[in-house]
Amino acid sequence: MGILDRLFGGGGGASGGAGAVDTAMASLLELYDQPDVKSEGGLSITSRQANEVRTIGRNLHKVGGRPQMEAARDALRERLPWATKNLEAIWASLPEWKA
């Protein structure tokens, strides 16, 4: 099952709250916890994967606003501290993050 399927698919996916952050974290870890991404210091902001990261941010915002996005960022910081700045750079283009 792909990342977007997990975010938008039926069944026991994210229904809000902590579940949304948990689902987002699983997706973000899948994207960031790759040897090539680690060696490059993150994802290119123009890549397909960056678009997935933006989609994750938009979905978090729909569920709980910027606080949900911040919770996911903070959870990512605990697991992969080096990826936080890259996540923020990707989300910087989102109006949901700027608000």
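Contact map, the stretch 73-99: residues that are at pLDDT 95 or above paired with residues that are buried (at least 17 other Cβ atoms within 10 Å of the Cβ) and not in a helix (DSSP H, G or I), Cβ distance under 7 Å, separation 6+ or inter-chain. Pairs shown: 83/42; 86/42; 86/43; 90/43.
Output the residues belonging to the stretch 1-11 that are modelled with pLDDT under 55, not aliphatic (A, V, I, L, M) and not in a helix (DSSP H, G or I). Once the filter is applied, which keeps residues that are modelled with pLDDT under 55, not aliphatic (A, V, I, L, M) and not in a helix (DSSP H, G or I), the stretch 1-11 yields 9, 10, 11. Going through the stretch 12-62 one residue at a time, which ones are buried (at least 17 other Cβ atoms within 10 Å of the Cβ), modelled with pLDDT under 95 and not in a helix (DSSP H, G or I)? Across the stretch 12-62, the qualifying residue is only 14.
Within the stretch 58-78, count every residue that is within 23 Å of residue 35 (Cα to Cα) and within 13 Å of the chain's Cα centre (by Cα). The total comes to 6.
The values are calculated or read from the model by the stated rules, or taken from the named source; none is laboratory data. Since we're looking at a predicted model, the values are computed, not measured. Glycine gets a Cβ as well: all are built from the backbone with ideal geometry, and neighbour counts include every protein chain shown.
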